[in-house]
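Taking it in order: structure first as structure tokens, then the write-up.
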Amino acid sequence: MVSGTTAARIPGSIVPDVSTQETATEEREIAAEQQVVDRVYARLEVLRGQARDLEGEGYGRAAGNSAAGLVERDAIVHRAATRMRELDTEEEGIVFGRLDFDDGDIYHIGRLGVRDGIQPLLVDWRAPAAAPFYRATTGDPLGVVRRRVIFCRGPRVVGLDDDVLTPEAAGDLRVLGEGALLASLRRSRGPHMRDIVTTIQREQDEAIRAPARGVTLITGGPGTGKTQVALHRAAYLLYTDRGRFTGDRILVVGPSTVFTDYIGRVLPSLGEDSVHLRAIGELFDGVTATRRERAEVAAVKGSERMLGVLADLIWQTPPSAPRNLRLVYAGQVLTLDADELTAARREIRARCEREGTPPNSARPTAVAVLTERLWSRVDGAHLDRELFTDEAADRPEFHRFLHGWWPALTPAAVLGWLADPTIVPDAATLAPSYQDQAGWAVDDVPLLDELEGLLGTPPPPPRAPKPEWQLRELTSGPRLVDTFVLSTGLRDGWELYAPGVATPIAVAGAGIDNDQTGLAQRWAEAIILREGHRVVGWIDGYDPHGEEGYVPELAEPLPVAEADDTPVPDQYLHVIVDEAQDLSPMECRMIARRAAYASMTVVGDLGQATHPLAAGGWPELVARLGKREVRAMELRTGYRVPQLIADYAARALAPGIEPTRSYQPGGTLTVRRVDDVAAAARAAIDGLETGATVAVIAADDTAAALDLPAGVTVVPASMVKGLEFDHVIVLEPADIVAAEPRGLARLYVALTRAVAGLVVLHRRPLPPELIDDL
Ligand SMILES: Nc1ncnc2c1ncn2[C@@H]1O[C@H](COP(=O)(O)OP(=O)(O)OP(=O)(O)O)[C@@H](O)[C@H]1O
């Protein structure tokens, strides 16, 4: 790094010993930047005032209570609220950067864009014009001669840090804005993750600004900023296509509620609050699951074999169902006993499965089968069969029976049957996990979600019906389309799909660039004409992989139904999955249902995979998510764990995975054999500086029983994924390893959580992988 004459004067930054003259220059520069910041604040005040006035005007429109006035009011108030939200970004560091170009242009970069009339005062960090702030290097300056980071405390400029990018400047830049980056990395971690908008690094910026289309895979070791990139990417996508993505159309999925709570402030601090942030255990409406099953049970519940179990379960007799049906008709007592009812149920299931009717829509079939069987009992040469059927089905006793024997089923009720040996005699591994437990486990959530689709329309209380695309077939992945679709893929370029055909009927290859939509449409029109249809226009739609495409409007509509491209209310258009390496096949299916028509960002690190059914590689995982092509990006530099700790943790890293090179300076590492680990942990905590975040990480069973001072966070090893603390104390690594089949990977995760200091305390021998010549 080359520090310019205006080196930062902020605590923790590298500050060269500057002369008096340099100090005077710096003060002048700070004063100049202060003027810019003042103008931005003043302008923001004006804009906020205008938004408030607009809101007032909106309410005024409804004064006469006319329908038109009310509609207008809502529109104006909504517009005003949107504007207010846009202006309501984090106050600290609204202006944080400046770019000086070789042609004399100067831009100030900030958390949001601010104009004064037509003149830009501040460029939003996500605008294309701001990209050089994160990408320019001495080798590739992109026209930039100086990049400046501006440090503010509230509205006051307190320091500057310059990178000079002229050819005369010596050396190449290792990182962008080194002083600012170091200052940020050295800051003590709080209970919540902070955004990194000032110090995003080049490779991170490339991942953040990757196109929305298709699947973007972002990999990297612990602390390389994957989560940060994922969140900043959500903010970037909103900025680039607000109309499309606003209103909860982006879903971010994290591994646990502790994690989503930890990262929950990043997007609001970037001025974005319209992203759905959910832990895996919260994806099914009405359930918040936090408990994770032990590996043996997780391996059963997460497996696709559960599909067969569930498909069977939904047709079982409910535990509270009456054992026989008795009806008196025309003086005759008609009965169906338990065996006959079992046979009737089998027949109902067979008929429904043939017709694709789910259990919750199967009552009419149940009535038909039962009345047929009752009729066969009637001595009825003189009776009318149709009349019998109508009358029998109308009897209160028949209604009562049906209510208990074929009730409307909820996913929760049906999943609970797994604990009932009279219903599922061979599900012995699962039964204990449904008995005496406090609520659902995270591993149950995909099963509940699957059941909702299998059971069909849920019973009252009435809910909005699930859109058809969520009730799709049991397998995720490519579907047949009902119409022609023109879509572009990363590898093969433009492709044309035809109704009912799983693979493209034509591929344009290198002949037509990805961005030549008009040309591609003319190409497709010619092929569709050969198929006997004339195209009169194009509308937006989706290809069989759920990615955006163009659907032709045909002169003569196709004999099959055209794809319904009207947006359904809860359809996500982009799904970001963090810690994706750990998704079980069933979790993938749950996410795939939500991403059926969405582009995706998949984020993870195979070295941290701990789920017993974790995919062996990224292509397998992406296929489980029902997607195909991937734009892969790798983050190579770590910003959390100091090198000293990273090297130690790498001993627990699975072979074949490259350890991360760390940029975090300093760090301390202590590994100690002790007689009493809890007492040693208490002593280690006593010695730490106040204000720092500290976590004690232990195997789940040990963590539950630990007696530590109030205020110390004890994190079970299974919950620590994605989190970080200034100081981490890992207890009894051998217990963490022994607790599960992928215990060593779990230990690797635990060892890579510390920003400043790692203490490892053990009484039992260390796992052999950790023993070295330390
Ligand atoms: N460019 C950056 N500037 C400042 N801090 C950064 C930068 N990139 C990452 N960090 C910090 O490094 C830490 C690790 O980031 P993050 O949690 O996103 O990494 P990760 O790759 O998701 O880690 P893990 O795989 O362990 O969950 C965070 O404190 C984050 O703020």
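The values are calculated or read from the model by the stated rules, or taken from the named source; none is laboratory data. Every value quoted in this text rests on a predicted model; they were computed, and no experiment measured them. A quick note on method: Cβ atoms are made from the backbone with ideal geometry, for glycine too, and the neighbour counts reach across all protein chains shown.
For S376, indicate whether it is of a type in the set (S, T, Y) and within 18 Å of Q316 (Cα to Cα). Full working, then the answer.
Values: of a type in the set (S, T, Y): yes; within 18 Å of Q316 (Cα to Cα): no.
Here the answer is no, as S376 does not meet what is asked.
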Exercise. So which residues in the range 655-678 are touching a Phe, Trp or Tyr at 6+ places or on another chain (Cβ under 8 Å) and closer than 21 Å to T227 by Cβ?
Worked result: S662, Y663, Q664
Exercise. Is there a residue being within 16 Å of the ligand (Cβ to nearest atom), touching a residue at least 60 places away in the same chain (Cβ under 8 Å) and under 13 Å from the mean Cα position of the chain (by Cα) anywhere in the range 243-250?
Worked result: no
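Given the options A343, A330, name the one that is small (G, A, S), over 44 Å from the mean Cα position of the chain (by Cα), modelled with pLDDT of 90 or more and surrounded by fewer than 17 Cβ atoms within 10 Å (Cβ to Cβ).
Values: A330 fails: modelled with pLDDT of 90 or more.
Going through A343, A330 in turn, the sole match is A343.
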Exercise. Scanning for something at pLDDT below 95, more than 19 Å from W125 (Cβ to Cβ) and not basic (K, R), does the range 229-246 turn up at least one residue?
Worked result: yes
Problem set entry | Yes/no for S184 being in a helix (DSSP H, G or I) and surrounded by fewer than 23 Cβ atoms within 10 Å (Cβ to Cβ) | yes
Problem set entry | Exclusive hit being under 28 Å from P619 (Cα atoms), surrounded by fewer than 20 Cβ atoms within 10 Å (Cβ to Cβ) and in contact (Cβ under 8 Å) with a residue 60 or more places away in the chain, set R194, R265, R209 | R209
For this session: Please work out which one of (1) among the β-branched types (V, I, T); (2) in a loop (DSSP other than H, G, I, E, B); (3) within 16 Å of the ligand (Cβ to nearest atom) is the condition T166 fails and give its number.
Result: (3)
Problem set entry | Residues of the range 365-390 classified as exposed (fewer than 12 other Cβ atoms within 10 Å of the Cβ) and not charged (D, E, K, R), total | 4
Seminar exercise, completed: Scanning the range 598-629 for residues that are part of a loop (DSSP other than H, G, I, E, B) and more than 16 Å from the ligand (Cβ to nearest atom) gives A598, P612, L613, A615, G616, G617, L625, G626, K627, R628, E629
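Any residue at all in the range 225-235 that's closer than 29 Å to T690 by Cβ, in contact with a strand residue (DSSP E or B) (Cβ under 8 Å, 6 or more places away or on another chain) and part of a helix (DSSP H, G or I)? I'd like the intermediate steps shown before the answer.
Keep residues of the range 225-235 that are closer than 29 Å to T690 by Cβ, which gives 225, 227-228.
Next cut, in contact with a strand residue (DSSP E or B) (Cβ under 8 Å, 6 or more places away or on another chain) only: 225, 227.
Narrowing further to those that are part of a helix (DSSP H, G or I): 227.
Yes, that holds for at least one residue.
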Problem set entry | Index of the failed condition, A703 passing every other in (1) at pLDDT 90 or above; (2) in contact with a Pro (Cβ under 6 Å, 6 or more places away or on another chain) | (1)
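Return the only residue of G667, G626, G616, G656 being closer than 25 Å to V442 by Cβ, surrounded by fewer than 22 Cβ atoms within 10 Å (Cβ to Cβ) and at pLDDT below 95. Please lay out each step first, then the result.
On the way: G667 fails: closer than 25 Å to V442 by Cβ; G626 fails: surrounded by fewer than 22 Cβ atoms within 10 Å (Cβ to Cβ); G656 fails: closer than 25 Å to V442 by Cβ.
After ruling out the rest, the residue left standing is G616.
Being among the hydroxyl-bearing types (S, T, Y) and within 13 Å of the ligand (Cβ to nearest atom) is the filter; apply it to the range 651-672 and report the residue that is nearest to the chain's Cα centre (by Cα). Break it down stepwise before answering.
Taking the range 651-672 as the starting set, the residues that turn out to be among the hydroxyl-bearing types (S, T, Y) are 660, 662-663, 668, 670.
Now restrict to residues that are within 13 Å of the ligand (Cβ to nearest atom): 660, 662-663.
Values: T660: 24, S662: 26, Y663: 27 Å.
Among residues in the range 651-672 that are among the hydroxyl-bearing types (S, T, Y) and within 13 Å of the ligand (Cβ to nearest atom), the one nearest to the chain's Cα centre (by Cα) is T660.
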Seminar exercise, completed: Condition set in a helix (DSSP H, G or I) and touching a helix residue (DSSP H, G or I) at 6+ places or on another chain (Cβ under 7 Å), scope the range 453-510, selection modelled with the lowest pLDDT: answer is L471
For this session: Give the residue that is farthest from F96 (Cα to Cα), with candidates limited to residues of the range 183-227 that are of a type in the set (D, E) and within 11 Å of the ligand (Cβ to nearest atom).
Result: E203
For this session: Please specify each residue of the range 322-359 satisfying the condition of being assigned to a strand (DSSP E or B), touching a residue at least 12 places away in the same chain (Cβ under 8 Å), of a type outside the set (K, R) and under 16 Å from F401 (Cα atoms).
Result: L325, L327, Y329, L334, T335, L336
Exercise. When you go through (1) of a type outside the set (F, W, Y); (2) away from the ligand (no atom under 14 Å from the Cβ); (3) closer than 21 Å to P612 by Cβ one by one for M719, which number turns out not to apply?
Worked result: (2)
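Tally up the residues in the range 686-707 that are of a type in the set (A, V, I, L, M, F, W, C) and either crowded, with 18+ Cβ neighbours inside 10 Å or within 16 Å of the ligand (Cβ to nearest atom) (or both), please.
Our first condition is that a residue be of a type in the set (A, V, I, L, M, F, W, C); within the range 686-707, this holds for 688, 692, 694-699, 703-706.
After this cut, where a residue has to be either crowded, with 18+ Cβ neighbours inside 10 Å or within 16 Å of the ligand (Cβ to nearest atom) (or both) as well, the list is 692, 694-699, 703.
The total comes to 8.
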For this session: State which residue pairs qualify: first residue closer than 13 Å to D273 by Cα and in contact (Cβ under 8 Å) with a residue 24 or more places away in the chain and inside the range 222-241, second residue assigned to a helix (DSSP H, G or I) and within 6 Å of the ligand (Cβ to nearest atom) in any location, beta carbons under 8 Å apart, and separation of 6 or more residues or different chains.
Result: H232/Q204
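Output yes when any residue across the range 747-768 is more than 16 Å from the ligand (Cβ to nearest atom), assigned to a helix (DSSP H, G or I) and without any contact (Cβ under 8 Å) to a residue 40 or more places away in the chain, and no when none is. Please lay out each step first, then the result.
Of all residues in the range 747-768, those more than 16 Å from the ligand (Cβ to nearest atom) come to 759-768.
Of the ones still in play, those that are also assigned to a helix (DSSP H, G or I) are 768.
Now narrow it down to the ones that are without any contact (Cβ under 8 Å) to a residue 40 or more places away in the chain: 768.
Yes, the range 747-768 contains at least one residue that is more than 16 Å from the ligand (Cβ to nearest atom), assigned to a helix (DSSP H, G or I) and without any contact (Cβ under 8 Å) to a residue 40 or more places away in the chain.
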For this session: Return the pairs, sorted by first residue and then second, in which the second residue is part of a strand (DSSP E or B), the first residue lies in the range 718-743 and is among the small types (G, A, S), the beta carbons are less than 7 Å apart, and the residues are 6+ apart or on different chains.
Result: G722/G254; A734/H762
Problem set entry | Unique match (being among the small types (G, A, S) and either more than 16 Å from the ligand (Cβ to nearest atom) or in contact with an Asp or Glu (Cβ under 7 Å, 6 or more places away or on another chain) (or both)) among A279, A295 | A295
For this session: Would you mind stating whether R9 is farther than 20 Å from P155 by Cβ and modelled with pLDDT under 65?
Result: no
Problem set entry | Residue check for T260: near the ligand (Cβ under 10 Å from one of its atoms), farther than 22 Å from A131 by Cβ and of a type outside the set (A, V, I, L, M, F, W, C) | no
Exercise. Got at least one residue in the range 120-132 being in a strand (DSSP E or B) and farther than 25 Å from V229 by Cα?
Worked result: yes
Problem set entry | Which listed residue is in a loop (DSSP other than H, G, I, E, B) and in contact (Cβ under 8 Å) with a residue 60 or more places away in the chain, from A654, A646, A632 | A654
